[in-house]
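Q: Okay, handing you the structure first.
Coordinate-derived values only; no laboratory data. Small disclaimer: the values here were computed from a predicted structure and weren't measured. Every residue, glycine as well, gets a Cβ built from its backbone with ideal geometry; the counts of neighbours run over all protein chains shown.
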Amino acid sequence: MPDSKRVRIIFSPSGKEGQFPVGTTVLQAAQELGVDIDSICGGQACCGRCQVKPMAGKFVREGLVSSDDHLGPLSADEHQCQASGQLEPGSRLSCQASLLADVKIDVPASSQVHRQLVRKDYEEHPIELDPLIHLYFVRVPVPDPDSGPGDTGLELLCATLAKDRGLSGLQAGPEVLEPLQSALRNDDRQVTVAVRDAAQIVAVWPGLRDQAYGAAVDVGSTTIAVQLCDLSSGETLASTGAMNPQIRFGEDLMSRVSYAMQNPAGAGQMTRAVRSAINELLEKAIRLADIDASQVLEVTLVGNPVMHHLLLGLDPAPLGAAPFALTVDHAVEVPAAELDLQLAACARAYALPCIAGHVGADTAAVLLAESPWQKDEVSLIIDIGTNAEIILGNREKLLAASSPTGPAFEGAQISHGQRAASGAIERVRIDPQTLEPRFKVIGGQHWSDESGFTAGPGNQAITGICGSGIIEAIAGMYLAGIVQADGGINGELGDRNARIAADGRTFSYLLYAGEPEIRIRQADVRAIQLAKAALYAGTRLLMDRFGVTQVDRIRLAGAFGSHIDVRYAMVLGLLPDCDLEHVSSAGNAAGTGARIALLSKGARREIEARVRQVEKIEIAIDESFQQHFVAAMSIPHATEAYPLLSASIELPKSPAEKTTHGRTRRAKTITRT
């Protein structure tokens, strides 16, 4: 039998237990045992964060001992909290509940500081909440007039935090002195203090504040995306995005590097443009979330190497030619004000590490979001943009490379091509018998051959075709025999359907006969062939280095990867063969990785270590890349090169005689290396 003056407590789900004197609060017991219970107010019963649920334990016979006998009756503060609806039914405030008898306590996830937040779009990878910023509600004592020098407001605050919260050696910059002075003018001298990484006071507010915020920023060469998050719950409160204004200095990365090299003030112009755009998006997100900008205390930033360097105010010129030297590849942490970000005075900005000269912090964020090092199967992760960043590996080894796909996948260099926006054709199907097309437009709900078809919101005009649309159009043309294995448009089919017509010395296919008229021209097919050959050659090069001929799973990141139909991507030879059930979209994985780094200091340590373990492959100087590239220019026959795909979609046979409407055509035999 335990000592009658001490009682036993077991915490779930941690399993930690101990014996404590009668009258000890549950929060005190938890703190001594190292049990994770959130409490901003430190036991003053005003934040409501420390709720727990008493349970029947193996040493408590259910029905014989009531919860009041375990923990004492509800306090006045608990009754008030219950009346306001803040205290969940059957729960207790751990700072108020006193141990009277042996008890088992469940700490729900909502009361844990380091709880898991599951991403809804990819539930296999939860986010472990472990923010750098923690809030503490304290009462600062009145200075003792007899104490002499040193009894200042800041020293009294630090002494209180050391005594009541165990936070010793705290530092504070001049930015917090005026807010502290103002807060201490109140008679009750109660303040909420934001402490970063148990080392730095970064904000002081009068009274109780139970929320602090942060922002995750993904700076892409085409678009910038911002997620505003609650640091304590992990909830995304607002998301905003806009075109990267640097586009006016150059459509792609190398043109922007060239602009910086040719214009002495060019890099500074692009730096100011991107910082201004981020500030506008942050301001919009803060307004949407209806919060105070002074409570946004942390920002994480990701981007490709050129975007990374320009954002940090570094010259991108060394990235314009071999050996593509980074000025810095490790994580960078600076005051947000140094990047001209208009947030709290003491807010900090953290840029994730880069991996190599053309594999940047955005790829590090994708790596963090996908965590292939946790898996036995070989994962291929591709972030498709102007450059395709490629990661291949598992728990044994990780490889990374960047392949110069060019802007074709984003609609550039394509006749009537455009970025994904309302009015752009994004889905295409072509009937192999009639050669007639049907399509869907971004913003519309129906296919073009359906009665309810509209081009987009408000029945706006069809404006062009985006990357996913051009992929499906060319793949559909190949499946219908309009495009041959070498990429040539078969003009002989013009007598079957007038959509196929002479276009100078080559032929084109009329996809949409309205205004503007949208045709798929021979040059468009060639542009996609070059882009897909570069991407496939990069993946094959990594697979050769890894020693595999097939991957177990493929994850496609980025806007293009999110919207592409993987079957048609494989028809063109964009991706290596893989079971379609194991090919999926990772969404904005770079943004997700930035958000993980925002919400978890442990994740920052993890990715900083992992990027050092990645083997970087420079494909530009690898002889086998050119061989793979040349072989990948052909549109492959899936029955030979893609056996897994051919089981799920009807594809041309090779070699074969095909008879369609009484005509015979022979499919060329193309074998990919």
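Q: Could you sort out which of 284/601; 5/53; 53/104; 104/601; 397/616; 16/53 sit more than 20 Å apart by Cα distance in this structure?
A: Working: 284/601 26 Å; 5/53 23 Å; 53/104 9 Å; 104/601 31 Å; 397/616 11 Å; 16/53 15 Å.
Going by Cα-Cα distance, 284/601; 5/53; 104/601 fall outside the 20 Å limit.
Q: Same structure, new question: Can you give the extra length, in nm with one decimal, that the chain gains between residue 325 and residue 421 once fully stretched, where that is 0.36 nm per residue apart less the Cα-Cα distance? Don't jump to the answer; show the numbers that get you there.
A: On the way: separation 96, 0.36 × 96 = 34.56 nm, distance 3.52 nm.
The span from residue 325 to residue 421 would gain 31.0 nm if fully extended.
Q: Evaluate the distance, in nm, between pseudo-label points positioned 7 Å from the Cα of residue 376 and of residue 272 along their respective Cα→Cβ axes.
A: 5.8 nm
Q: May I ask you to compute the full-extension gain from residue 523 to residue 100, defined as 0.36 nm times their residue separation minus their alpha-carbon distance, rounded to one decimal in nm?
A: Details: separation 423, 0.36 × 423 = 152.28 nm, distance 8.12 nm.
Taking residue 523 through residue 100 to full extension adds about 144.2 nm, to one decimal.
Q: What is the stretch 213-351's relative contact order, in percent, from Cα pairs under 8 angstrom and six or more apart in sequence?
A: Numbers: 251 pairs, mean separation 36.5, N = 139.
In percent, rounded to a whole number, it is 26.
Q: OK, next. Tell me, in nm to one decimal, what length is gained between residue 626 and residue 36 on full extension, where the rule is 0.36 nm per residue of separation less the Cα-Cα distance?
A: Working: separation 590, 0.36 × 590 = 212.40 nm, distance 5.49 nm.
Full extension of this stretch gives 206.9 nm more.
Q: With a Förster radius of 51 Å, plug the Cβ-Cβ distance of residue 461 and residue 186 into 1/(1 + (r/R0)^6) and report the FRET value to the nearest 0.05. Mind showing how you got there, number by number?
A: Working: r = 60 Å, r/R0 = 1.18.
Efficiency, from the Cβ-Cβ distance: 0.25.
Q: Helix-derived [θ] at 222 nm for the chain: sum -39500 (n - 2.57) over DSSP H runs of at least 4, divide by residue count, nearest 500?
A: After summing the helix terms and dividing by residue count, I get -8000 deg cm²/dmol.
Q: While we're here: What order do you get for 582, 446, 309 when you list them from fewest to most C-beta neighbours inside 10 Å?
A: On the way: 582 15, 446 12, 309 26.
If I rank by nearby Cβ atoms, fewest first, I get 446, 582, 309.
Q: DSSP loop (so not H, G, I, E, B), at most 16 other Cβ within 10 Å: list which chymotrypsin sites (Phe, Trp or Tyr not before Pro) in the stretch 379-454 pass both filters.
A: On the way: sites: 409, 439, 447, 453; in loops: 447, 453.
Qualifying residues, ordered by number: 447, 453.
Q: Return the FRET efficiency for the residue pair residue 130, residue 5: r is the Cβ-Cβ distance, R0 is 41 Å, and the value is rounded to the nearest 0.05. Mind showing how you got there, number by number?
A: Values: r = 37 Å, r/R0 = 0.91.
The value I calculate is 0.65.
Q: Around residue 467, under 9 Å between beta carbons, what's the net of Lys plus Arg minus Asp minus Glu among the other residues?
A: Net of charged neighbours comes to -1.
Q: Rounded to two decimals, what is Rg over Rh for the stretch 451-545 when you use alpha-carbon atoms and the Kirkwood radius? List each step's numbers first, then the result.
A: Working: Rg = 15.9 Å, Rh = 15.0 Å.
Rounded to two decimals, Rg/Rh equals 1.06.
Q: Compute the convex hull volume of the Cα atoms of the stretch 379-442, divide it by the residue count, and report the result per residue in Å³ as a whole number.
A: Spread over its residues, the Cα hull of the stretch 379-442 gives 127 Å³ apiece.
Q: Follow-up. For volume of the Cα convex hull per residue in Å³, which listed value, [x] 184; [y] 338; [z] 210, comes from the coordinates shown?
A: Among [x] 184; [y] 338; [z] 210, the one derived from this structure is [z].
Q: Between exposed trypsin sites (Lys or Arg not before Pro) in the chain, where DSSP calls loop and at most 11 other Cβ atoms lie within 10 Å, what's the longest gap?
A: Numbers: sites that count: 5, 58, 61, 120, 185, 505.
With a cap of 11 other Cβ atoms within 10 Å, the longest stretch comes to 186-504.
Q: Along Cα→Cβ, 7 Å out, is where each label goes; now give me the distance between the ones at residue 605 and residue 178 in nm to one decimal.
A: Spacing of the two 7 Å Cα→Cβ label points: 3.7 nm.
Q: Where Lys and Arg each count +1 and Asp and Glu each count -1, what net charge lies around residue 299 among other residues with Cβ under 11 Å from its Cβ? Please list the in-between numbers first.
A: On the way: positive: 348; negative: 298, 333.
Here the charged neighbours net out to -1.
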